[in-house]
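Below is one structure, written out as C-alpha cells; comments come after it.
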Amino acid sequence: MRRAQQLILIFVASCTPSDPTPMTKDELMDPQACASCHPAHFAEWSGSMHAYAADDPVFTAMNARFQREIATSGSDPTLCVKCHAPLALAAGATTDGTNMGAVDPKLHGVTCFFCHTVSAVADTHNQSLTLATDNVLRGPIADPAHGASHASTYSALHDLNDPKSSSLCGSCHDLVNGHGLTVEKTFIEWQASLYSQNIPAVSQTCGSCHMLGSVGPASTTAGAPTRRVHDHSLASFDVALSAFPQSDAQRTLVQQTLDASIVAKLCVNQPTGGPDVSVTLDNAFVGHEFPSGAAHDRRVWVELIAYDDTDNQIYSSGVVPDGTSVTDISDPALWLLRDQLLDGANQPVSFLWQAFGANASTLPPAVTNVPTDPKFIHSVTHMYTAPLDVARVAMRVRAVPIGLDVLGALVTSGDLDSSIVTAMPTFDLAGTKLEWSLAKNGFGGCVP
C-alpha cells in the first residue's frame, strides 16, 4: 500500500457564496449538482466503477440470473442491488435492481450523496450502512467551508487517516451469500494484514491506496483554500466493458495499479528430469489478498515459456489463445490464482449465490514486519519441469477481471450479449515480465 494521505474535501453545492439557499435532498442526490463546484472530483467519479456499478452489463446479467435462481440461493433479492445501486434501493426506486433502465439516472451506481451521507456502519458486510437524514454531507475535515448551499461536518468514517474509514468501504466489499459463505472478503483480508495494525508509517486504509492524493483547491468556490485532495477514480481491477466516460483512462489506471502489485522471481536449476524451474510471486504492495474482491470471478495466471539454444519453443505453461478462457486449456502445470466456488456436493459452480464453499488459491498479504516471525515470508512458489536442453525461459503474469468462462455462462443463459465477452481485456503485470537465460544467468541463477 502507499503512504496514507489525508482526504480533504470542501462540501459545497453552489459556487456562489452569496447564494446560501440550502439545496433540497432531491437536489443533493443528483451527482450533477456536485459537478459545478467539484469538477475534478465529479470527472474522476463519473469514469469510475462506482459510477458504472448499476449500468455494468455484467451486473445486469448476473442480477437477472440471480433473481431467476433466487429460490435456491437462500438470499435476499437485494443482495446485488444494495451495493450496485444503494441509493435507488433506499429511495424505493427499485426493490431488486431488475428495473434499473427505468430508474432515474441520478440514482444509478454508488453516488456522491450515498457515500457522503453515511453516518454509521452497522455490520462488516452486505452494505450495512446507515444514511443520515439531515442533508448534512460527511467528510474528513474539521473546518469545512460554510455559507454554501448545504451543511457539512467531519466524519472519521470519511477520513483516510482513520482506520474507521476502511469499515465504510468494507461494508460493501465483503459479501456473504444466502448459504452463509463469505464470497468476497477484502475487508477481512485487510483486517488480518500488516496494514490494519497501528504501526506508524505502515498503517494504511482502503482509501489511502485507492484514492491517491495531490495538493490543490477542492472546490471552485471563490476563496476556497488549498487542501490535500484525493482522486475519486478508485481504480482497482474491474473495468467498464460498454460505452462509458473515460474508459481508456480507467484502463490505464487499472494497469498502473496491477503493475505495482506483484513482485516476481524466476529461477532455473540444472535440469534433472524433475521440477527445476521455480516462479515465486510476492504480494508485496497490496493490503489484502491478490486477487481479491470477486476473487471467484478473477483469473490470474502465470505464463511460462522455455526455449532451446536455437530459440525454438520446447515447453510452455499458461499460454492461453485470445478469446479462450484460461479454465478451458489442458495444462497440468498451470498456476491459476482465483477462488473456486463449490456447491453443496463440492462440485464447481460459477456464481456466488450458488456456492456453499470455496477453494482459495490467492497470494496472501503481508501480516508482520518482524523478520524473525515465521509469517514474515508471505510469497508463494510454483515449480515447473523444463526440458534438458533449456537455454532461455520467459514468464509473465496475466490477469482477467472476470473470467471468460463466467461471461460465457451468462451468454449461454441469454443474460449477456456476446460482445461484452470480446470487450474483456487481459492485463499483463509489468513487474512480472522476466527472462532467464543460460548465457547470462547460468543454472542456479535467478532473475531479477
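The values are calculated or read from the model by the stated rules, or taken from the named source; none is laboratory data. All values derive from a computational prediction rather than experimental measurement. Positions of Cβ are generated from backbone atoms using ideal geometry, with glycine treated the same way; all protein chains shown enter the neighbour counts. Remember, those area values only see protein heavy atoms, side chains included, never the ligands or the DNA or RNA. Shrake-Rupley method; radii C 1.70, N 1.55, O 1.52, S 1.80 Å.
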Kindly provide the set of residues from the range 107-156 that are more than 26 Å from residue 47 (Cβ to Cβ) and β-branched (Val, Ile, Thr), ordered by number. 121, 124, 130, 133, 136, 153
Restricting attention to the range 172-184, report how many residues are surrounded by 23 or more Cβ atoms within 10 Å (Cβ to Cβ) and free of Cβ contacts under 8 Å to residues at least 60 places away in the same chain. 1
Which of the residues spanning the range 131-151 are open to solvent by 50 Å² or more (accessible area, probe 1.4 Å) and polar (S, T, N, Q)? 133
I'm trying to understand the selection: among the residues of the range 20-41, which are assigned to a loop (DSSP other than H, G, I, E, B) and under 9 Å from residue 113 (Cβ atoms)? 29, 30, 31
Among the numbered conditions (1) in contact with a Pro (Cβ under 8 Å, 6 or more places away or on another chain); (2) assigned to a loop (DSSP other than H, G, I, E, B), tell me where residue 314 comes up short. (2)
Hey, can you tell me all the residues within the range 57-76 that are within 20 Å of residue 414 (Cβ to Cβ), open to solvent by 20 Å² or more (accessible area, probe 1.4 Å) and not in a helix (DSSP H, G or I)? 69
Considering 279, 320, 286, which residue is open to solvent by less than 50 Å² (accessible area, probe 1.4 Å), in a strand (DSSP E or B), among the hydrophobic types (A, V, I, L, M, F, W, C) and at negative phi? 279
What's the number of the only condition in (1) open to solvent by 60 Å² or more (accessible area, probe 1.4 Å); (2) touching a residue at least 60 places away in the same chain (Cβ under 8 Å) that residue 392 fails to meet? (1)
If we take the range 102-215, then strands (runs of 3 or more DSSP E) inside it with 1 or more residues that are over 28 Å from residue 77 (Cβ atoms) and modelled with pLDDT under 95 are 137-139, 152-154
Could you grab me the full set of residues in the range 114-130 that are open to solvent by 50 Å² or more (accessible area, probe 1.4 Å) and closer than 21 Å to residue 29 by Cβ? 119, 130
Selected residue [at pLDDT 95 or above, open to solvent by 20 Å² or more (accessible area, probe 1.4 Å), on the phi < 0 side of the Ramachandran plot and of a type outside the set (Phe, Trp, Tyr)] from 297, 259: 259
